[in-house]
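Q: A single structure is presented below for examination.
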Amino acid sequence: MARTVTTRRKSLNTVLAWAVGLLIFFPILWTILTSFKTEAQAIASPPLFLNFDWTLENYAIVQERSDYMRFLWNSVIIAGGSTVLGVIIAVPAAWAMAFVPSKRTKDILLWMLSTKMLPAVGVLYPIYLLFIRLGLLDTRGGLVVVLMLINLPIIVWMLYTYFREIPGEILEAARMDGATLKEEILYVLTPMAIPGIASTVLLNFILAWNEAFWTLNLTAVDAAPLTAFIASYSSPEGLFFAKLSAASTMAIAPILILGWFSQKQLVRGLTFGAVK
Amino acid sequence: MYLRNALRAATAMTFVATAAAHAQSITIATVNNGDMIRMQGYTDKFTEATGIDVEWVTLEENVLRQRVTTDITTKGGQFDIMTIGMYETPIWGANGWLVPLDGLSAEYDVDDILPAMRNGLSNDGTLYAAPFYGESSMVMYRTDLMEKAGLEMPDAPTWQFIREAAAAMTDRENDINGICLRGKAGWGEGGAFITVTGNSFGARWFDEDWKPQFDQPEWNEALTFFVDMMNESGPAGYATNGFNENLSLFQQGKCGMWIDATVAASFVTNPDDSTVADKVGFALAPNSEGVDKRSNWLWAWALAIPAGTEQADAAKQFIEWATSKDYIELVAESEGWANVPPGARTSLYENPNYQEVPFAKMTLESILSADPNNPTVKPVPYVGIQFAAIPEFAGIATQVSQEFSAVYAGQQTVEEALEKAQAFTTEEMEAAGY
């Protein structure tokens, strides 16, 4: 009997999980479907779900109008660069906070997180002026640094949480065996924290990929990533939903595929330590 | 000897590379609308003729506004040409942020630009931006539903007629709303519409001493009329409807009338997108009985050169090309007269080919009847019809339109909204030193 209840509960949970998952995924699914409609079908009421004449016309128009590969390449460089740079800086910082904490460590962590509460637009002008002086406007390098700084608190927090799960005794043993600080971090700590680092990298790559304030405001032509590509199809005066959906699908496709293939790693990393 | 030759070759190659790297190129920030996108397609012809490359940065209107404002106020120099509207141009021109568009060539024929557009894009008589296309607003209505209702739309209707017709055309069972109008918050969305509606009831934003006028009876009358009419005959949830939402409703045959930008005429009469393309009539925007001002606005998307650019000459060359009579001919030749950028040049409306376009006459009449210097019955200290061309307006009008949208959504009364609008505007204007 108990077994039946468990099975029933399991089935119920599965159905519930699928329902929630579909609900969350529905806007993305709708965007993808709309991208295959004509503009008239895109605004049809009642909405057309699958019963419409599928067309690739929107993709052809978007491809003809915009240099998709240039935007994509910029997104890869900016999101990848800022994530790698962030991790390089955050690993030693998180190590120090996790294994040699001071009295102020907690305060520093909270302070770092509080910087995320500042509305970005509040510092737009100072950053913009700084970029003009340094010649960084519309450069990928400039955006790599800005996005790294924006996401650094999250990277440090995540790595700090993972590092705290690793027993300090192991590092102590390595030190007693004569490991230097660099060797301790590189050859002992990092391999043990790989799942945590991987999920941090993935999450921050996604955050940097989707960032749409700085990437729109600090770029023009040369460094414009996929967020600028999408923005160029949004129009308050004219119905271009199908083309906008095609552009959006092209912009999210790479990250969707990446997320799909690395979902195990991502879930494992995000729930790391949660069951203890 | 070998080394010297190698050095010479290297120097020559460096020169060639430098020259190639410095082949002239201009960057243009623009909005995503049909006419602008069409222009991007013809840019190659400009490059062929002049050797100047053109890079486009296309952004959504509000993003573009923020982006170009940041760049121009900090002299960032990211853009050589900016697409801006009638609201920004006189303010930015007065601040010295734009290069005056003087010394334009004789062939360009600057006097051919419609006077209303030229005035709206000038400050102290100096032109700071060239109109690429211009628009006013007018009534678009379903001829079949009007006939079914047993009514005939006059060329110049009153609000009272519009309300009566809207009620007669409304058919809730068949999901037909007599009238669709903007209610969405935002100074350029519902804010613009209710401002011109106010004008046509004799209301004004400020008196001659810059004192806000929301406590005057004209505003109460205009807002009450609008809300009552929309509750009787408007679509459900109109408080969140803007241009695109109403366009969608109209194209699907769910609106009897729609009063909005003249540029919408080409969308609703396009059989590819509109189910009612062959049943649309046009009329001037309405006025309230006894008020000698109609509720039509005036707007232009125009090309301007920011003061920080190092390529002012090339930019001016491009603007001359893109807003010329020749460009209009070029588009007409390839895509037909209905697709040329409207509302900028007098000669276009004198062209017999263009006169055959069904909405041409009403668009021109709407543009010509709009007077930014005298937007309403009583005198005002500001220039602009659906806005007041002062830097503070965008922020204030956005807040005021949010209060009005709350009335449309049934969250507060007309009186409460007007009281809040008056208090907020007074506070902001005093803080700004008016």
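The values are calculated or read from the model by the stated rules, or taken from the named source; none is laboratory data. Computed from a predicted model, the values in this text were never measured in an experiment. Here the Cβ positions follow ideal geometry from the backbone for every residue, glycine too, while neighbour counts run over all protein chains shown.
Q: Test of understanding: among A:Ser248, A:Ser235, which residue is without any contact (Cβ under 8 Å) to a residue 60 or more places away in the chain and surrounded by 20 or more Cβ atoms within 10 Å (Cβ to Cβ)?
A: Working: A:Ser248 fails: without any contact (Cβ under 8 Å) to a residue 60 or more places away in the chain.
Going through A:Ser248, A:Ser235 in turn, just one is without any contact (Cβ under 8 Å) to a residue 60 or more places away in the chain and surrounded by 20 or more Cβ atoms within 10 Å (Cβ to Cβ): A:Ser235.
Q: Would you please name the residue that is nearest to the chain's Cα centre (by Cα), looking only at residues in the stretch B:76-123 that are within 25 Å of B:Glu61 (Cβ to Cβ) and of a type in the set (Ser, Thr, Tyr)?
A: B:Tyr87
Q: Something else now. Give me the residue from the stretch A:13-52 that is within 14 Å of chain B (Cβ to nearest Cβ), at pLDDT 90 or above and outside any helix (DSSP H, G or I) and, out of that set, surrounded by the most Cβ atoms within 10 Å (Cβ to Cβ).
A: A:Lys37
Q: Tell me, please, whether a residue that is under 24 Å from B:Glu61 (Cβ atoms), in the same structural domain as B:Glu173 (by TED's automatic domain parsing), of a type in the set (Gly, Ala, Ser) and in a loop (DSSP other than H, G, I, E, B) can be found in the stretch B:233-253.
A: Looking through the stretch B:233-253, at least one residue is under 24 Å from B:Glu61 (Cβ atoms), in the same structural domain as B:Glu173 (by TED's automatic domain parsing), of a type in the set (Gly, Ala, Ser) and in a loop (DSSP other than H, G, I, E, B).
Q: Look through A:Ile155, A:Ile166, A:Ile127, A:Ile132 and report the one residue that is under 14 Å from A:Ala90 (Cα atoms) and either surrounded by 12 or more Cβ atoms within 10 Å (Cβ to Cβ) or touching a His at 6+ places or on another chain (Cβ under 8 Å) (or both).
A: A:Ile155
Q: Check the stretch B:192-206 and report whether any residue there is closer than 16 Å to B:Met229 by Cα, surrounded by fewer than 19 Cβ atoms within 10 Å (Cβ to Cβ) and of a type in the set (Val, Ile, Thr).
A: Scanning the stretch B:192-206, I find no residue that is closer than 16 Å to B:Met229 by Cα, surrounded by fewer than 19 Cβ atoms within 10 Å (Cβ to Cβ) and of a type in the set (Val, Ile, Thr), so the answer is no.
Q: State yes or no: is A:Ile206 assigned to a helix (DSSP H, G or I), farther than 30 Å from B:Asp71 by Cα and β-branched (Val, Ile, Thr)?
A: It is false that A:Ile206 is assigned to a helix (DSSP H, G or I), farther than 30 Å from B:Asp71 by Cα and β-branched (Val, Ile, Thr).
Q: Take A:Arg65 and tell me if it is farther than 24 Å from A:Glu172 by Cα, buried (at least 17 other Cβ atoms within 10 Å of the Cβ) and among the charged types (D, E, K, R).
A: Yes, satisfied.
Q: Restricting attention to the stretch B:377-428, which residues are over 16 Å from B:Gln216 (Cα atoms) and either in the same structural domain as B:Ile91 (by TED's automatic domain parsing) or acidic (Asp, Glu) (or both)?
A: Hits for the stretch B:377-428 are B:Glu392, B:Glu403, B:Glu427, B:Glu428.
Q: Working carefully through the options A:Ala179, A:Ala223, find the one that is within 14 Å of another protein chain (Cβ to nearest Cβ) and more than 15 Å from the chain's Cα centre (by Cα).
A: On the way: A:Ala179 fails: within 14 Å of another protein chain (Cβ to nearest Cβ).
After ruling out the rest, the residue left standing is A:Ala223.
Q: Another question about this same structure. Does the stretch B:226-238 include one or more residues that are surrounded by fewer than 21 Cβ atoms within 10 Å (Cβ to Cβ), touching a strand residue (DSSP E or B) at 6+ places or on another chain (Cβ under 8 Å) and acidic (Asp, Glu)?
A: Yes, that holds for at least one residue.
Q: Any chance the stretch B:63-79 includes a residue that's under 24 Å from A:Glu64 (Cα atoms), more than 8 Å from every other protein chain (Cβ to nearest Cβ) and of a type in the set (D, E, K, R)?
A: no
Q: Tally up the residues in the stretch A:116-130 that are more than 8 Å from chain B (Cβ to nearest Cβ) and either free of Cβ contacts under 8 Å to residues at least 12 places away in the same chain or more than 22 Å from A:Ile155 (Cβ to Cβ) (or both), please.
A: 8
Q: Among the residues of the stretch B:114-164, how many are among the β-branched types (Val, Ile, Thr), in contact with a strand residue (DSSP E or B) (Cβ under 9 Å, 6 or more places away or on another chain) and surrounded by fewer than 23 Cβ atoms within 10 Å (Cβ to Cβ)?
A: 2
Q: Another question, if that's okay. Here is a list: B:Thr269, B:Thr323, B:Thr275, B:Thr309. Which entry is surrounded by 20 or more Cβ atoms within 10 Å (Cβ to Cβ) and over 20 Å from the mean Cα position of the chain (by Cα)?
A: B:Thr309
Q: Mind telling me which of the residues A:Gly135, A:Gly80, A:Gly142, A:Gly86 ends up being farther than 30 Å from A:Glu39 by Cβ, in contact (Cβ under 8 Å) with a residue 12 or more places away in the chain and within 14 Å of chain B (Cβ to nearest Cβ)?
A: Result: A:Gly142 is the single residue among A:Gly135, A:Gly80, A:Gly142, A:Gly86 that is farther than 30 Å from A:Glu39 by Cβ, in contact (Cβ under 8 Å) with a residue 12 or more places away in the chain and within 14 Å of chain B (Cβ to nearest Cβ).
Q: Could you tell me which numbered condition B:Ser295 fails, if it satisfies all but one of (1) on the phi > 0 side of the Ramachandran plot; (2) under 20 Å from the mean Cα position of the chain (by Cα)?
A: Unmet for B:Ser295, out of (1) on the phi > 0 side of the Ramachandran plot; (2) under 20 Å from the mean Cα position of the chain (by Cα): (1).
Q: Restricting the first residue to the stretch B:188-207 and requiring it to be on the phi > 0 side of the Ramachandran plot, which pairs with a second residue that is surrounded by fewer than 24 Cβ atoms within 10 Å (Cβ to Cβ) and not basic (Lys, Arg) meet a Cβ separation below 7 Å and a spacing of at least six or different chains?
A: Short answer, once both residue conditions are applied: B:Gly202/B:Glu218; B:Gly202/B:Val291; B:Gly202/B:Thr376; B:Gly202/B:Val377.
Q: Let me ask you something else. I need the full set of residues from the stretch B:257-277 which are within 10 Å of chain A (Cβ to nearest Cβ) and among the β-branched types (Val, Ile, Thr), in order please.
A: The answer is B:Val263, B:Thr275.
Q: Additional query: Only residues that are farther than 13 Å from B:Trp301 by Cβ, assigned to a helix (DSSP H, G or I) and within 10 Å of chain A (Cβ to nearest Cβ): list them for the stretch B:35-62, please.
A: Correct list: B:Gln40, B:Gly41, B:Asn62.
Q: Same structure again: In this structure, is B:Ala300 more than 14 Å from chain A (Cβ to nearest Cβ), among the small types (Gly, Ala, Ser), closer than 25 Å to B:Ala29 by Cβ and in contact with a Leu (Cβ under 8 Å, 6 or more places away or on another chain)?
A: Taking the combined requirement at face value, the residue does not satisfy it.
Q: Further question: Looking only at the stretch B:72-81, decide whether some residue is surrounded by 15 or more Cβ atoms within 10 Å (Cβ to Cβ), free of Cβ contacts under 8 Å to residues at least 24 places away in the same chain and touching a helix residue (DSSP H, G or I) at 6+ places or on another chain (Cβ under 6 Å).
A: yes
Q: Let me spell it out: the conditions are (1) assigned to a helix (DSSP H, G or I); (2) touching a Ser or Thr at 6+ places or on another chain (Cβ under 8 Å); (3) of a type in the set (A, V, I, L, M); (4) at pLDDT 95 or above, and A:Met250 meets all of them except one. Which number is the exception?
A: Every listed condition holds for A:Met250 apart from (2).
Q: Taking the stretch A:121-178 as the region of interest, how many residues are farther than 23 Å from A:Phe99 by Cα and among the polar types (S, T, N, Q)?
A: Summing the residues that are farther than 23 Å from A:Phe99 by Cα and among the polar types (S, T, N, Q) in the stretch A:121-178 gives 1.
Q: Follow-up. Among the helices (runs of 4 or more DSSP H) contained in the stretch B:305-368, which hold 1 or more residues that are of a type outside the set (D, E, K, R) and in contact (Cβ under 8 Å) with a residue 60 or more places away in the chain?
A: So the answer is B:312-322, B:325-335, B:346-350.
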